[in-house]
Amino acid sequence: MTGDKTGGSSGTKNNAADPSSPYYIHPSDLPKQIHVNEILTNSNYNDWAKEMANFLFAKNKMGFVDETIPKPGKTSEDYMPWMRCDAMIIGWLTTAMDKNIRSSVRYANASSEIWKDLKERFSKGSAPRAYELKQSLSSSHQDGSSVSSYYTKLRSIWNEINSVLPTPQCTCGGCTCDIGKRLMEFKDKERLYEFFMGLDPDFSTIRTHVLSMKTTPTLGEAYRLASEEEQQKLITLNKRAAVEPAAFKAQGYREGSYGFGRGYKGGSKDFKRNNGDKVDHCNECGKDGHKRESCFEIIGYPDWWPG
């Protein structure tokens, strides 16, 4: 690399201070930082690798692990900046691993060695992974969760299936068969059916309505209809929950102030409970459970009183 004309320092040193350079390290960057949502285990390599690769690409460091930025010789002015960046990447990778996996890559000499080793050990071929995803898709059901949670779960599976088994694209050039568009429409319909298959039985009405439509709606439209149906059900349940206590209260007064007239010794002449205590009796309406001064016949009936 050419040196700086003004200061005489090497090109690599200048690049190391340039945020757009792969040799640049931000002052806030530390080796012991986790930059993925979940640490690497024996069962989540594909998701972990995709998330980690996305982070390294955003930090302009992917070239270190895929070896597009090869390790320079010890006499090169790029050697120390390269080593510092690679050491930082090794720290990011190992910090985001399970303890047992971390111990197996402890003596790696470069981040690219760790990246290759993890891929060889944990990466699954497209066919076995696609089979696992299809199995997971077929067993996915709402099971009482919200429509949003259920749909998000399906979305995650669909996206991974699409990365393992991408939709074929027409590459002949100048094609007029419109095959790509029809394939996408077919996939959208397939996902629509899978979405409805896992919905709870409570959504049978909306399911029948959508599938009987002359023009089948898109997956997004079907999700919106199901969400609106769920919202209506919640509103109905909330109204019912608010009405039932008032109805119970009114029924209690109708039976003699919440059933206080039940279980007394004798009839309304002695007005005693089973334990011998006297109970209130109203001479105005002739009912037990309240006194004359609190009788609705005198003070008036409340708004919630039926009739």
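The values are calculated or read from the model by the stated rules, or taken from the named source; none is laboratory data. Note that this is a predicted model, so its numbers are computed, not measured. Cβ sites come from the backbone with ideal geometry, for glycine too, and all protein chains shown count toward neighbours.
Brief remarks on what is shown
- When each of Glu190, Glu230, Glu160, Glu221 is tested for being at pLDDT below 85 and in a helix (DSSP H, G or I), the lone residue that passes is Glu160.
- Within region 90-109, residues that are among the aromatic types (Phe, Trp, Tyr) sit with their Cβ atoms under 8 Å from residues that are surrounded by fewer than 18 Cβ atoms within 10 Å (Cβ to Cβ) and part of a helix (DSSP H, G or I), at 6+ positions apart or across chains, in these pairs: Trp92/Phe55.
- Lone qualifier among Ile101, Ile90 - being at pLDDT 95 or above and either within 29 Å of the chain's Cα centre (by Cα) or closer than 30 Å to Val164 by Cα (or both): Ile90
- First in region 293-307 and assigned to a helix (DSSP H, G or I), second anywhere and modelled with pLDDT of 75 or more and of a type in the set (D, E, K, R), Cβ under 8 Å, 6 or more apart: Glu297/Glu284; Ile298/Glu284; Ile298/Arg292; Ile299/Glu293
- Residue match in region 143-158 (condition: among the basic types (Lys, Arg) and surrounded by 13 or more Cβ atoms within 10 Å (Cβ to Cβ)): yes
- Some residue of region 200-215 being in contact (Cβ under 8 Å) with a residue 12 or more places away in the chain, assigned to a loop (DSSP other than H, G, I, E, B) and of a type outside the set (D, E, K, R): no
- Count of residues meeting criterion [among the polar types (S, T, N, Q) and within 18 Å of His35 (Cα to Cα)] in region 67-111: 3
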